[in-house]
Amino acid sequence: ELVLKVRIQNPNLRENDFIEIELDRQELTYKELLRVSCCELGINPEHVQKIRKLPNTILRKDKDVARLQDFQELELVLTACDRSFLFRAPAIPEQAGYNKKASELTY
């Protein structure tokens, strides 16, 4: 698995922390990166304008995604529309290795 750090690009958010996502190294495509990131962040993929590798590189294609290394930081840049409609309830995939109880822990 490739572990990446992703967040939504929004300097106005009080908490703008990264979350870690895992991608199967056999499926390192732009489409899969977008799908997993949006699922984990609870946003609609249709509202993502671009994916930025920090500090200043736009990911555009599968080859860009294939060059990513563990723990690189990515931001999803959202389209400039009404933000109240951007977020949806996250759909958590039932995958091997996903620990539902761990995701419900509070600190």
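Some points to look at:
- Spatially near lysine pairs across the stretch 2-78, Cα under 13 Å, sequence gap of 8 or more or different chains: 6
- Distance in nm between pseudo-label sites at ILE58 and GLU73 (7 Å out along the Cβ direction from Cα): 2.1
- Evaluating 6.51 cos²θ - 1.76 cosθ + 1.60 at θ = phi - 60° for every residue in the stretch 25-34, the Karplus couplings come out as 5, 7, 10, 7, 10, 4, 4, 5, 4, 4 Hz, glycine and proline recorded as x.
- DSSP finds beta bridges in the stretch 2-78, and of those with both partners inside it, around 75 percent are antiparallel.
- To put it simply, the accessible area of the stretch 5-66 at a 1.4 Å probe is 41 percent carbon and sulfur.
- Probe 1.4 Å, protein heavy atoms only - accessible area per residue of the stretch 1-84 in square angstrom: 62
The values are calculated or read from the model by the stated rules, or taken from the named source; none is laboratory data. Remember, it's a predicted structure, so these values are computed and weren't measured experimentally. All Cβ positions, glycine included, derive from the backbone under ideal geometry; neighbour counts span all protein chains shown. Accessible surface areas use protein heavy atoms only, side chains included; no ligands, DNA or RNA. Shrake-Rupley method; radii C 1.70, N 1.55, O 1.52, S 1.80 Å.
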